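Remarks on the structure that follows.
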Amino acid sequence: MLAYHMTISIPATKSVIQETLQRDPALPNYSIHNQFRQLIIAPVLKLIGQNLPNVVVIDALDECSEAKSIRAFISLLASVSSNDSCPLHFLLAMTRTPELEQFNSVDDICTFMKSSFTNFCNQHSRVFQGVSEQWPSSEQLTELTNKLSGVFIFAATVVSFITEGRGSPQQKLEQVLTTHPELDPLYSQVLNAASQHGDLKKVLTVIILLHEQLSIAALSDLIEIRVIDIMSALLEM
């Protein structure tokens with residue numbers, strides 16, 4: 001169905017898709033990944049020099065009756081979009097979903113940080129030999145979670161800031177906790193520490209200014225930095 005609509009929206013792809021189906025009539029029986037690659041990606045790549053539209057809008061995805069099919073399709077798009085050679089950008093639209101709007105990521109962030117700090121302590125047990133109590137304490141973990149306003153990408157950055165690089169992790173934790181309740185000073189503090197990491201400051205600045213959670217692929221397109229470079233920059237923290 002998507003290939004059919006593409007032949008209407010981008011007539012130049014029609015002959016290419018027809019040739020593909022004539023060459024391999026059994027293609028509709030192949031896996032969705034194989035069909036997508038040969039009927040969607042390949043035709044556009046073949047015509048890439050013709051200034052074709054490169055944004056595919058998929059509307060009413062939530063009207064699909066099978067949740068499993070939706071998950072599989074979104075996973076497919078995510079996999080395809082993460083490839084730097086993909087010539088298309090995909091915009092998914094659906095009706096407002098109260099369950100998603102009411103989602104609270106605070107508990108997930110707290111669990112993530114607790115697990116991350118526990119792993120860090122286990123990997124650096126000699127550093128924490130003189131620490132008799134849990135680090136960070138439950139109170140510190142709660143306070144830190146409250147400072148992050150449900151922004152998961154920043155939680156990951158703060159954990160990396162505390163556990164990696166030079167300096168005492170306890171001192172860096174205290175630096176984070178002693179900022180004002182608002183996120184702005186906390187962002188500034190980590191951005192200052194990130195300034196020596198090339199693309200990292202640009203990546204974090206864009207994330208902060210957007211106030212929206214973007215996929216790595218979408219962020220890559222927006223700031224024109226390769227996905228692998230974004231991931232490497234974040235992992236440096």
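Quick one: is Ala26 on the phi > 0 side of the Ramachandran plot and surrounded by fewer than 13 Cβ atoms within 10 Å (Cβ to Cβ)? In short, no. For the range 130-139, a residue qualifies if it is at pLDDT 85 or above and of a type in the set (Ser, Thr, Tyr), and the qualifying residues are Ser137, Ser138. Within the range 45-66, residues that are of a type in the set (Gly, Ala, Ser) reach partners that are outside any helix (DSSP H, G or I) with beta carbons closer than 9 Å, at six or more positions or on different chains, in the pairs Ala60/Ala93; Ala60/Met94; Ala60/Thr95.
Residues are listed down the side, and each one gets a yes or a no for (1) at pLDDT 80 or above; (2) farther than 24 Å from Ile223 by Cα; (3) among the hydrophobic types (A, V, I, L, M, F, W, C); (4) surrounded by 12 or more Cβ atoms within 10 Å (Cβ to Cβ):
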{"residue": "Phe128", "(1), (2), (3), (4)": "no, yes, yes, yes"}
{"residue": "Leu141", "(1), (2), (3), (4)": "yes, yes, yes, yes"}
{"residue": "Asn146", "(1), (2), (3), (4)": "yes, yes, no, yes"}
{"residue": "Phe154", "(1), (2), (3), (4)": "no, no, yes, yes"}
{"residue": "Ser168", "(1), (2), (3), (4)": "no, yes, no, no"}
{"residue": "Glu174", "(1), (2), (3), (4)": "yes, yes, no, yes"}
{"residue": "Pro181", "(1), (2), (3), (4)": "no, yes, no, no"}
{"residue": "Tyr187", "(1), (2), (3), (4)": "no, no, no, yes"}
{"residue": "Val190", "(1), (2), (3), (4)": "no, no, yes, yes"}
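The values are calculated or read from the model by the stated rules, or taken from the named source; none is laboratory data. All of these numbers come straight from a predicted model, not from anything done at the bench. Positions of Cβ are generated from backbone atoms using ideal geometry, with glycine treated the same way; all protein chains shown enter the neighbour counts.
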